[in-house]
Every structure is written in C-alpha cells, then in structure tokens.
Amino acid sequence: MMGVVSKPDLSPALFAKLETLPTQPGCYLMRNAQGQVIYVGKAVQLRSRVRSYFQDQKQHTAKTRRQVAETVDVEWVVTDTELEALILENELIKRYRPQFNIRLKDDKQYPYIKVHWREDFPKISVVRTMLPDGARYYGPFTSGYAVRQTLEALRRVFPYLDCNREITGQDARPCLYFHIKRCVGPCIGAASRAEYRQVIDGLCQFLEGKTEEALAELNRRMLLAAERMQFERAAMYRDQIRAAERIVERQKVVSGKQEDEDVIAFATDQGNACVQVFFIRHGRLIGRESFLLEGMGEDENGELLASFLKQFYDEAAFLPPNILLPKQVEEHAIIEQWLQGKRGAKVTLRIPKRGPKKALVAMATENAASALAAMQAEWQADAHRHTEAVANLQAALELSTPPARIECFDISTLQGTNTVGSMVVFVRGAPRKGDYRRFKVQGVTQTGQPDDYASLREVLRRRFRRAVETPAEGPGQRQDPVWRILPDLLIVDGGKGQLGVASEVLRELGLFEVVPVVGLAKQEEVLFRPGQTAPVRLPPSSPEMYLVQRVRDEAHRFAVSYQRTLRGKAMTQSRLEEVPGVGMKRRQALIKHFGSIDAIRNASPAEIAAVPGMTRQVAERIKELL
C-alpha cells in the first residue's frame, strides 16, 4: 500500500528514521554499511520521496533496487525552497561523487582559458578553477591539449604575452616570440598599454564568437597603418587577418540570426553515456566538446540530461540564452529557474520539433554516438591488453589466482627530509586513483642517514595493520574501506632487501600466506619472490612487463610528487616568514585564498594584493621573493 514503508526489510534504526522524515523540501543522502554516501537526491517533499524507495520495489529499476539494498542509513538537509535543494544537491554530488548518481566521468576539474583582464598588460593562462577575481574565463574544455591547440591558433592572430616580465616598455631587447611575431613587444615599448589591450580584446571577441567584429577591427588597423605609411605594421595586420580567416573558415555557419545557443545531445550503450555539446555563438558553430558520464542505469535518459545540465552549467564560464535538447528533462522548470539565476537573464530549454534547429540536435546526437563508439573501441582494446597482461603475470609468478588488484609501494626522500611513502592501486590492469594513498614517514633514520628499509617497514605496517585490525566503533570512527581490501599481488619497488622487509611485515600480521609479494629490482627490471634465489625475468616489451613497469613508475611518480609538495610548502612557507609585513594571519589568508603554494607563486602582484589584508607593496615583496 502506498505511503507505508515495509518494516521487515529495514533495520529498526532505519525504519525509525524514516518515520521522522520532514515534509519540507531538501536533500537526502543514502549511506552503505561502510558509511560511504552512495546516492544524493533532492525532493520537493522529503518524506514522500525518500519513503517511496522503500515501498513497492517492483516499480524500481534494477539500479534503484541495488541502491536501496545497499542503503543502511539515510540523512537529510532541509531547505527553504526546491531551488536551494537543487543547488545543495549539486554541491553534495561534487563532494561525495556517489556511485549511484549520474555524474561527469572525470573527477578532475576541467581546464579554462583565463584572461587576466584586471592587469595593465593582461596575460593568458590555463587554469582549472574559476575565481571571482575580475578575470575573463572561457570554457570548460575537456582536455588541456584542446586548450593549447586553441591558444596556439589564436596567438598567430592575437600575439599575446607569454612571459613573467614586469612590463615597463624599457627593456633593452625582446624575447624570441617578438621576432617570430607571436608577441607585440610591450616590454620594449613596441606596443603601448592601449594597443596591447586592443589585441587581447580581439582575442576575447574571437573566443566569444564575435569573429566579424574582431576581423573588422584588424582590417581597420591595417588600413590605418597603410595610410600612415607604416607598411611593415600593415603587413603584420594583413597576415593576422589571413590567419583569422582560416580559423573562421572552419567555423560552420548554422544560423543567420546571430544567435548564442548550446546544442546538447547524447548517446548511450551498455551502461555508457556520452554527451556532445555544440557551442554556437553569433550563429557560428565555434566548437564542440564530448563528456563521458558514469553511474548510468537503464531507462534514465531524462535523469541523464538533468544531471548533466546541473553539473556542466554549474562550472561553465558562459551561459547562452537558449539551450537546445533532444527531449524533455526532469525538473524542467526548476532547472530553468536555476540557470536564469546564474546568467542573470532568461534561459530557455528548448526541444525543437522541426527545421534547422532539430537538424542541429540530430547532428549533435550523431556526433555523440560516433564519439561513444570510438571510446568503446579504445576501451575494448585496452581491456584485451589488460586481460592478457594479468594472465601472463599470473603464469610467470605462479600465482594461484589472477592478480586483478595490484598494490605497489615506493619511498621517496631528499637527504633524509620529508620522507614519504606512496601506495598505488591497479585493478584489472588499470589505475584506480581513488584508492591511492600516501604516507608521511615519521623521521625514520639510522646513523644520521635516511633508512629506506625502516621507512618501507613503517609504511607497510600502517597499511596492512588497518586491514587486520577491527575498526573502532562510534561516531566519527568510520574506517576508510580501502584498507580492508587485500591485494592479489603486492609489489615493492626494490630488490631482495625491500622484499625481505615486506615479507617480514606480512608474517608479523599473519598475511604472508594470503598476500603474494614480489620485489621489482630497478636496474635489471627483474622480479624477486620470497624463498626463490633466481629472479623472474619477464619478456621485454611484453604486456606483463609493461604493466609491472607502469605500476612501479606510477608509484614512484606519486611518491615524488607528494615529497616535492611537502618540500615546496616547507620552503615557501619559511620564505614567506622572511617577508617584512607577512605574519601568520596574512600567510593563512594567502593559503585560504589561493589554495596552494604553487598558486601563490604563479599569481600576479595585483592578484596577491586583492587578498583581504594585503597591500600592493607587500604583494610585490612576496612576488619578488618567490
């Protein structure tokens, strides 16, 4: 009977919670037995929406039935409106990345082109986070390669600065880019502040799709230079116009109405989903991007579109007034209201029924299907290679089961300081970065020198003790579930000495007969096994050799990057302490604002001065020191 929760299928604690659900709008979080958030949803009325999961299961999809079966706890947050619930839902999905939510496949942040517009001589950079700093952002792009290709093409037309010089116009000589016409040379006074900003404004217009305006301005400058008999400058503008026209030729005209629109379509197959976005600016198709989604179930196309719209436009640098879709989406009205709030003007979600706009959606659908097919073919080829590598490695090491899950450990140090350990995980031949872990070794030395054996022993004990010990109970005591999973093969970077340390730790914890372990010697690229004198030599260039080397190299990279981060923070923070006028509060404000030491180092004096409590004078001191 609707409205009644089936009590026998639920724990008493969960049943009691469901009885106390409020009737207001809000968000709900479902957790599994390990305390992980496995689903985040929003509701106009929390009580009826959450309880509906635990009623007639026959009405649910297979994915929803699995979701409910794994749920042992439900939490909720009440909001004043459905719009607030939508915004909160988006934030929670980004924070927890629940397995049963449809979400953008890559957990990294997408790259953007940033124009540092507030600077006197704006520079161009590629960033992965948009800040409210007065800069102009364009994107997101799906890869850094796509950004670099775009900028490389535009730099031939709009030669912008690509250096960290302080621009005074008094430099004795320019850099190479001036001579190859990739920079207008404001450093030597070849271009004034106003002239340089005109160049950057033209680049911005091009990125916004205003190609006619940009070409008209270039043509005006060429004619003006010719009238003044500045023929070399006029020839430079002529070449830039030709380069710009070649770019425009690749931009298909799809509308004579000079409209700004995004066209979104998708393709699904075997639980995989690809969304294609066409960016139309002033009637021209200026670019397109493909995005992969994960967490798909059957018959979820409406939820797919709604999830993509919320996640993509929460990060997008530009929101057009019209978004063309292939079908109606769930929460149509509330998503339009949310988009309007982000844009500050009306946004319409349209499903074209006929004519050129319907043809555009059909073309985007075809492109999505083609992109998904190409990606699936690549995945299948990779899966075959991974399967072959794992099978061959099992035979070579005489393992009882295929090493589906491989863990590799490495130690990194510099003169005994900032010693760290890394743990990387490969599952079925592919990295599982969500299971990577890193360790800060607590001062293990012997006779004043770094002791790699002792460091490795500490790291392995910390990792495998968590696998065998009973996790602590009580609030806030949930253990990371990754520690409970034992590998099918443990690799330590090093030879017989490191292998001996690993074997000792496994025996100590009663895991020596459970976890196979090998040591990978660096020089000869051979594998040592416990109790075996002769090493195992994998065939060079074989899939299994490539897999082992890739695992080892990834462990080394992960350890070194963490060690460098710690060393860089320590060095930079100590250097910051030397800057007159920078105390603890200002250091904390800098870290809070920029998020990392590298970001402070790459920031301009103007950006540093914009941090609350900073001054321009102190910002320039910091920049000079770093």
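What follows draws every value from the coordinates through simple rules; no lab data is involved. The structure presented is a predicted model; accordingly, all values stated were derived computationally and were not measured. As a convention, Cβ positions derive from the backbone with ideal geometry for all residues, glycine included, and neighbour counts pool all protein chains shown.
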When Ile87, Ile608, Ile491 are arranged by how many other beta-carbons sit within 10 Å of their Cβ, fewest first, they go Ile87, Ile608, Ile491
How do Ile102, Ile485, Ile591 rank when sorted from fewest to most other Cβ atoms within 10 Å of their own Cβ? Ile485, Ile591, Ile102
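For Arg165 and Glu294 in the same chain, what is the full-extension length gain: residue separation times 0.36 nm, less their Cα-Cα distance, in nm? Can you show the working numbers first?
Numbers: separation 129, 0.36 × 129 = 46.44 nm, distance 4.39 nm.
Between Arg165 and Glu294, full extension yields 42.0 nm more.
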So for the pair Ala377, Thr348, with labels modelled 7 Å out along Cα→Cβ, what separation do we get in nm? 3.9 nm
What residues have an amide H closer than 5 Å to that of Glu259, excluding those fewer than 5 places away on the same chain, when H is modeled at 1.01 Å from N in the peptide plane? His282, Gly283
To the nearest 0.05, the calculated FRET efficiency linking Gln523 and Ala216 through their beta-carbon distance, R0 being 56 Å, is 0.30
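Strictly greater than 18 Å: what percent of every Cα pair in the range 7-101 meets that? Numbers along the way, then the final one.
Details: 1931 of 4465 pairs.
The answer is 43 percent, as a whole percent.
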Scoring the range 112-250 by relative contact order with C-alpha pairs under 8 Å, at least six apart, yields a percentage of 19 percent
Show me, for the range 263-273, the HN-Hα J-couplings you get by feeding each phi into the Karplus relation (A = 6.51, B = -1.76, C = 1.60, θ = phi - 60°), rounded to Hz, glycine and proline as x. 10, 10, 9, 8, 9, 10, 6, 6, x, 9, 9
Give me the percent relative contact order of the chain, please, defined on Cα pairs under 8 angstrom at least 6 residues apart. 8 percent
In whole Å, largest first, what are the principal axis extents of the Cα atoms in the range 578-625? 22, 20, 18
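What relative contact order, as a whole-number percentage, does the range 7-101 give when Cα pairs under 8 Å and 6 or more residues apart are counted?
Contact order relative to length: 38 percent.
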Given the options Ser400, Met236, His556, identify the residue whose Cα lies farthest towards the positive end of the charge dipole of the chain (+1 on Cβ of Lys, Arg; -1 on Cβ of Asp, Glu). Met236
Toward the positive end of the charge dipole of the chain, about the Cα centre and with charges on Cβ (Lys, Arg +1; Asp, Glu -1), which of Phe121, Pro539, Val390 goes farthest? Phe121
Shape parameters for the range 22-174, alpha-carbon atoms, Rg then Dmax in Å: 23.5, 79
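Filter the cross-link list Lys181/Lys623; Lys17/Lys42; Lys585/Lys623; Lys210/Lys353 down to pairs whose alpha-carbon distance in this structure exceeds 24 Å. Don't jump to the answer; show the numbers that get you there.
Numbers: Lys181/Lys623 29 Å; Lys17/Lys42 17 Å; Lys585/Lys623 18 Å; Lys210/Lys353 28 Å.
Those over the limit are Lys181/Lys623; Lys210/Lys353.
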Given 25 °C and 0.890 mPa s, compute D for the range 265-410 with the Stokes-Einstein relation, Rh being the Kirkwood radius over Cα pairs; round to the nearest whole µm²/s. 137 µm²/s
Semi-axes of the range 112-250 from the Cα gyration tensor (sqrt of 5 times each eigenvalue, largest first, whole Å) come to 24, 19, 13
For the chain, calculated [θ]222 nm from helices alone, where every DSSP H run of n ≥ 4 adds -39500 (n - 2.57): -14000 deg cm²/dmol
For Gly287, distant residues with modelled amide H under 5 Å away: Phe279
At what distance in angstrom do the alpha carbon centres of the range 475-527 and the range 529-545 lie from each other? 17 Å
So Val536 and Lys358, fully extended at 0.36 nm per residue minus their Cα-Cα distance, gain in nm 58.0 nm
Please enumerate, by chain and number, the aspartates and glutamates with C-alpha under 16 Å from the C-alpha of Lys63, excluding those fewer than 8 residues away in the same chain. Asp269, Glu294, Glu298, Asp299, Glu300, Glu303
For the range 138-206 and the range 344-394, what is the separation of their Cα centres, given in Å? 35 Å
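Full extension from Leu18 to Asp314: what is 0.36 nm times the residue separation minus their Cα-Cα distance, to one decimal in nm? Intermediate results must be reported in sequence, preceding the final value.
On the way: separation 296, 0.36 × 296 = 106.56 nm, distance 3.13 nm.
Roughly 103.4 nm would be gained on extension.
I need the Kirkwood Rh of the chain: take the reciprocal of the average 1/r across all distinct C-alpha pairs and report it in angstrom. Provide the component values of the computation, followed by the final result.
Numbers: mean 1/r = 0.0346 Å⁻¹.
Every distinct Cα pair counted, the radius reaches 28.9 Å.
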Could you run the Karplus curve 6.51 cos²θ - 1.76 cosθ + 1.60 with θ = phi - 60° over the range 389-394 and give me ³J(HN,Hα) per residue in whole Hz, x for Gly and Pro? 5, 5, 5, 5, 5, 4
Starting from the alpha-carbon convex hull of the range 316-361, give the projected area averaged over all orientations, in nm². 3.5 nm²
Residue by residue, what Karplus-based ³J(HN,Hα) values in Hz, rounded to whole numbers, does the range 149-163 have, using 6.51, -1.76 and 1.60 with θ = phi - 60° and x for Gly and Pro? 5, 4, 5, 5, 5, 6, 5, 5, 9, 10, x, 9, 5, 9, 8
With label points built 7 Å along Cα→Cβ from the Cα atoms of Gln59 and Met130, find their separation and express it in nm. 3.9 nm
Among the listed pairs Lys522/Lys592; Lys114/Lys342; Lys123/Lys342, which are separated by more than 31 Å between their Cα atoms? Lys522/Lys592
Listing Cys408, Cys163 from the residue with the fewest other Cβ atoms within 10 Å to the one with the most, what is the order? Cys163, Cys408
In nm, to one decimal, how far is the Arg66 label point from the Arg148 one, both placed 7 Å along Cα→Cβ? 3.7 nm
